[in-house]
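Single-structure report; data block below.
Read-outs throughout are calculated quantities, based only on the coordinates presented, and are distinct from any laboratory measurement. Note that the structure is predicted; figures quoted are calculated from it, not measured. Here Cβ is always computed from backbone atoms with ideal geometry, including for glycine, and neighbour counts include all displayed protein chains.
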């Protein structure tokens, strides 16, 4: 399994040789576009001062003077094994670390097997610093929508007290993390939803979103299994960020991303099950995957938010799922990407201060013509 840790220099990574050699003066660093850049030698803002084994560094933001009174950002580091180590969180910033779980959900695997697999990956993610852990779509089973079989509706479970939701709630409490999990919800006899839940570190379900856009394509017969969502667009104010809860097919609709972002979402989560049909050409496969990535980048850019898409891997009947779980920053850059065909625990620090920086540079929300969008509520403007 690929073990992937994406550490942004804005989250505290500093050149190890500088720390190990205790260079004084240290070069002042600057935060530019969310990345650290070497600037110049500066005694004032990079003083080396020990305090019971801790060293305080003050790194300069662009446009601010060197003095800490004018905006220096304190870092803390300590001696571990004779080397200087920095804390992973930038003191004073709003950095959240995501943990995305990408894996296969084979046909024939039991629910107990899948829960054990996900629990092991979640524990790994938490051990690496993840604060919010996200599953792929319908993670506890294979993607059963390739056929229409009423007996497969037995896979649906109640929320919040069904066995899978109860297991994930217990896992959140154990790891002291928040979890967003994609479940097949049994609402009542004959009424089932493709539902994402948001679970607090205390193990409480604090958010629920029922998938709004339901596809009905060959090998994606979701309308047979899922009632369209009726909870509107959902944003959950968690302990670390405001999270927008969307699901798979929603990712092709800019309206869904925009309406969720307008409610204050800082991260859009898209648990996903998407892959190639065996009969498609290599060119078609490449174009489809590239289009999928492009949509997430576009949502990030247009709304100035982080976007996290979590896909499955493996071959199930006629489909090969293409993995590629990704996180895009508010500028649309892919800052973390999982392999196409390997399981992965993707650890991604996200500096939420980038959102305001991006929106000041590209003020799309400011310039929206909300008086001119009435046509958006019509199927087609053809009369």
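Its Kirkwood hydrodynamic radius, worked out from the mean inverse distance over all distinct Cα pairs, puts segment 197-266 at 13.1 Å. Residue separation of residue 176 and residue 383 scaled by 0.36 nm, minus their Cα-Cα distance, works out to 69.0 nm of gained length.
Would you mind ranking 208, 123 so that the residue whose beta carbon has the fewest other beta carbons within 10 Å leads the list? Don't skip to the answer; put the middle values down first.
Numbers: 208 20, 123 16.
In order of increasing Cβ crowding within 10 Å: 123, 208.
Assign one of three labels to segment 182-330, namely rounded, prolate or oblate, based on the Cα gyration tensor with a ≥ b ≥ c the square roots of its eigenvalues; rounded applies when a/c is under 1.5, prolate when it is not and a/b is larger than b/c, and oblate otherwise. Because a/c hits 1.5 or more and a/b fails to exceed b/c, segment 182-330 counts as oblate. Starting from 0.36 nm per residue, how many nanometres of slack lie between residue 230 and residue 282 once their C-alpha separation is accounted for? Result for the pair: 14.9 nm of gain on full extension. How high is the relative contact order of segment 118-190, in percent, counting Cα pairs under 8 Å that sit 6 or more residues apart? That works out to 45 percent.
Can you figure out the FRET efficiency of residue 119 with residue 151, using R₀ = 35 Å and their beta-carbon distance, to the nearest 0.05? The computed FRET efficiency comes out at 0.80. Taken over the alpha carbons of segment 188-229 as equal point scatterers, the Debye sum produces base-10 log I(q)/I(0) values at 0.16, 0.21, 0.34 Å⁻¹ of -0.50, -0.71, -1.10. Using a simple spin-label model with pseudo-atoms 7 Å out from Cα toward Cβ, residue 341 and residue 370 lie 4.9 nm apart. When you restrict to C-alpha pairs under 8 Å that are six or more residues apart and normalise by the size of segment 252-330, the relative contact order lands at 36 percent. Just so you know, the Rg over Rh for segment 278-365 is 1.06, from Cα atoms, with Rh as the Kirkwood radius.
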